[in-house]
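Note sheet for the following structure.
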Amino acid sequence: MSPGCTWGALLLAALLLQPALSSPDFRVGARFAVRLPAAYQPGFAERTTVLEAAGKRQPRFAAAVSVEAGTGGGYLCSLVVLLANVTVWASDRSDQEFAARAVCQLELTEDGQLRLTDGARAVVWWSGTAGQGAKALRLDSKTGNLRLLDDKKHTVWQSFDKPTGKLLPGQWLRVPSYFTVSPAKNSSPFYSLELDSDKIAAYIYFGERKYSYWELAPSTSNQAMAFAGMDESGLTMYDGRWRPVAKISPAVNKGPVRFLALGDDGSLGLYAYDSRHGSFTPSYEALAFCDLPLACGVLGVCSLSGSCRDFAARGVRPAQGGTLCNATATGSDALHDMVEVRGVTTVLRADSPLTNVTVQQCADQCLRDCSCAAALHVKDDALAGSGVCSHYELTAGAREVIGGGDGQGHSYWVKVLKGSKSNCREDEEDYNAKNEALTKIMIIFGVVDVIGLLLFGGLCAYFICLRGRAADEHACEEDGEAAGRDRGAVQDS
């Protein structure tokens, strides 16, 4: 065969094989196993690619089996979708750990169930598609959607229906829908982005209770949201007639949006890909640092400068955790007192706040409830002395009131152990006294500076006047001498 025919045959073969090589399927009966270390290794993490998207566009999607060491002496096994090195979808079951001597195995069974198993064949995660005719797992190279297909190429299951922390362009959701992230494996609290007919909201969950800290609603109250769609311009909410009613879009143009992310710190943003640095950068951030629920933990207050200061610096030592509810006590008020922290509010909003209550009623009800750690009363200008009262299980999300002052209608109360209230008052008085003393010192020094500047300016003006007067006198003397010489010259002539 001539060289020309050989190259032609190779080119034809490459073109015919390209679809199969660029978009491979994970088919029925296929298995993919990741073997784990013989002994438990803290910090162990490994990802092995199962499917990789075709094309030259960077970054590319890939599906992988991910294994990492858990906190209970075992390992967490999950199927993930990656965009470059960012996990955009995961089958995480953070409560499922298995023995260190096991393997993590992905398989598509004969009855169409996609599942992850350990070395003892215990199922860690499954797709729930048994008996639905799934024949192959395929990764969409454009969108990153992971799909199970039947023999007619119809979608039986897809990752886009189960978002986990991120939304991708091309992804559509019916309302209501939600997805969650946890700050750490096997831990509480956790964050949730929830899409409802009246609003999109970010929540933090403490046990059975949840508090919102960010919301977006349609511009008019009679517009109900029915669908959510992601594209490269952001997230758009639509009503039942597919009319846009709300949108999250980039604040700055950094290129196409690659995903919307709910971070493990509760942050929410849109991200674009920076090809120059090979990383993702935010093009929109919904929350500043002090707007995050746990920016300063549960024992700190976020200042207007963006730094964290302990409640103790304000003379307050919140009662937390097991000290709140005590089965041997007749009531929470037998062990605790309530202390007002002036100039402080919280970014958290309770789902069902109490209305038309006074500040004292708000604090007293929190004191009697052993699960209540803090209370916020917001004054209603229409009702003298009354307002809206919210109770919280933890002193999270505390921040200084924007604009300063003592709260501008906000009254934030914290539960403390009985007996420490007087100390809190003394410490708070010391704190306020120090602030007042510092303010007075600054005022005094400011006045002194002004007086000094005035004196300096006066001396400068006086010196300039003296120099000007001396110059004038000298000029007059010179003029007089010149005139005298002129008169003498006339007489001589």
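Derivation of every value follows stated rules applied to the coordinates shown; laboratory data play no part. Because the structure is predicted, anything quoted here is derived from the model rather than measured. Quick reminder, even Gly has a Cβ in these numbers, built from the backbone with ideal geometry, and neighbours come from all protein chains shown.
When peptides 73-81, 280-288, 26-34 are ranked by their average number of other Cβ atoms within 10 Å per residue, the highest-first order is 73-81, 280-288, 26-34. Net charge of the neighbourhood of residue 150, taken over other residues with C-beta under 15 Å away and scored Lys/Arg +1, Asp/Glu -1, is +2.
For the pair residue 109 and residue 380 in one chain, pulling the backbone fully straight at 0.36 nm per residue adds 91.4 nm over the alpha carbon distance. Among the listed pairs 210/247; 166/379; 166/210; 142/210; 135/199, those whose Cα-Cα separation exceeds 29 Å are 166/379; 142/210; 135/199. Work through the residues other than residue 55 whose Cβ is under 13 Å from its Cβ and net out their charges, Lys, Arg +1 and Asp, Glu -1. In short, +2. Each Lys or Arg adds one and each Asp or Glu takes one away; over the other residues whose Cβ falls under 11 Å from the Cβ of residue 350, this sums to +1.
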